[in-house]
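The values are calculated or read from the model by the stated rules, or taken from the named source; none is laboratory data. No experiment lies behind these values; they were computed from the predicted model shown. Positions of Cβ are backbone-derived with ideal geometry, glycine not excepted, and every protein chain shown enters the neighbour counts. Remember, those area values only see protein heavy atoms, side chains included, never the ligands or the DNA or RNA. Shrake-Rupley method; radii C 1.70, N 1.55, O 1.52, S 1.80 Å.
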Amino acid sequence: MLANKTALVTGSTSGIGLGIAKALARQGANIVLNGFGDVEGPKAEILALGVQVAYHGADMSKPAEIEDMMKFAAERFGRVDILVNNAGIQHVARVEDFPVAKWDAIIAINLTSAFHASRLAIPAMRAANWGRIINVASVHGLVGSAEKSAYVAAKHGVVGLTKVTALENATSGVTCNAICPGWVLTPLVQKQVDAKAVALGVSNEEAKKLLLGEKEPSMQFTTPEELGELAVFFCSPAGNNVRGVAWNMDGGWVAQ
Ligand code: NAD
């Protein structure tokens with residue numbers, strides 16, 4: 001379905017971003033990976049799906065590096081057809097204790113980077129009259145949780161950016177939508193599981209159950225594979241008129 005299309009997924013060396021990149025590659029899209037840590041493993045996983053893959057190591061907190069990544073993708077593949085703004089970090093502390101540098105980093109990586117990558121991707125998408133911008137927000141783009149001020153503020157901002165981007169392009173073939181996962185067992189959440197296990201003196205398995213029990217009625221983690229299939233739907237012909245939604249996949253978290 002996505003042969004001859006190129007998808008750039010930020011923060012795709014791990015977790016949800018890698019899951020989405022693999023789902024899009026299974027549909028035939030060439031992939032531009034981004035993110036830190038091991039690059040060769042994720043590259044090999046994408047190559048095994050029979051598409052082309054490239055990598056750019058832009059730090060998503062740095063606008064000049066984002067600009068360089070978008071130029072690199074256009075030079076390598078001609079154009080970015082699908083942009084998935086996924087890179088994100090977390091830090092947990094009360095507002096009065098929140099380190100200022102962490103606040104700035106979370107807003108830059110989780111919110112501002114999506115603005116930069118989108119503004120740089122839209123002109124070529126408009127010229128082709130086809131494009132998909134998928135912003136990985138969170139249930140925390142829809143509701144709050146204590147001790148996550150920067151993350152919740154950034155993710156509510158991402159949902160707002162999604163709506164405005166969708167509206168500005170509503171009469172074109174360029175759509176913009178957000179995905180709002182509940183708990184997904186990636187390294188980002190494993191850190192929170194580990195902290196809970198230590199704080200309460202319980203096992204890792206018990207800490208996972210407690211984490212799910214607080215928020216997620218299904219008592220199941222959403223998987224990167226499930227989120228990848230939602231991204232595929234947004235890219236499918238049936239997704240043509242889905243514009244500006246924030247679609248939660250959260251085991252019932254925000255239904256409560
Ligand atoms: P993860 O830690 O597994 O992956 C994060 C990715 O972002 C990695 O590839 C990392 O290298 C990259 N990254 C981090 N800082 C970066 C930077 N400055 N520049 C470029 N890349 C950077 O986390 P994840 O859980 O897969 O999270 C991915 C997205 O999903 C985030 O936006 C997160 O907020 C969101 N999300 C996660 C969950 C969850 O439960 N895990 C729930 C809702 C939303």
Taking the Cα centre of the chain as origin, sum charge times position over the Cβ atoms of Lys and Arg (+1) and Asp and Glu (-1), and report the length of that vector in debye to the nearest 20.
580
Roughly how tilted is helix 149-168, in degrees to the nearest 10 and between 0 and 90, from the longest Cα axis of the chain?
30
Counting all C-alpha pairs of region 122-211, share separated by more than 20 Å (%):
50
Counting alpha carbon pairs within less than 8 Å and at least 6 residues apart, what relative contact order, in whole percent, applies to the chain?
20
MRE, 222 nm, helices only [DSSP H, n ≥ 4, -39500 (n - 2.57), over the chain, to nearest 500]
-14500 deg cm²/dmol
What FRET efficiency would be calculated for the residue pair Met1, Val92, taking the C-beta separation as r and a Förster radius of 41 Å, to the nearest 0.05?
0.60
I want to verify the translational diffusion coefficient of the chain in µm²/s; compute it with Stokes-Einstein, Rh as the Kirkwood radius over Cα pairs, at 10 °C and 1.306 mPa s.
87
Full extension from Val39 to Asn129: what is 0.36 nm times the residue separation minus their Cα-Cα distance, to one decimal in nm?
29.2 nm
With +1 at each Lys and Arg Cβ and -1 at each Asp and Glu Cβ, the charge dipole magnitude of region 59-201 around its Cα centre, to the nearest 20 debye, comes out at 300
Defining a contact as two alpha carbons under 8 Å apart and six or more residues distant in sequence, what relative contact order in percent does region 62-133 show?
48
Over region 115-169, what is the relative contact order in whole percent, taking alpha-carbon pairs under 8 Å and six or more residues apart?
29
Please report, in cubic angstrom per residue, the volume enclosed by the convex hull of the alpha-carbon atoms of region 16-155.
111
Taking the Cα centre as origin and putting +1 on Lys and Arg beta-carbons and -1 on Asp and Glu beta-carbons, what dipole magnitude results for region 60-124, to the nearest 20 debye?
140
Within region 108-165, what whole-number % of the accessible surface is contributed by carbon and sulfur, with the 1.4 Å probe and all protein chains included in the calculation?
63
Mean accessible surface per residue for region 112-256, computed with a 1.4 Å probe while every protein chain stays in place, in Å²:
43
Can you pull the Rg over Rh of region 78-177, Cα-only, Kirkwood?
1.05
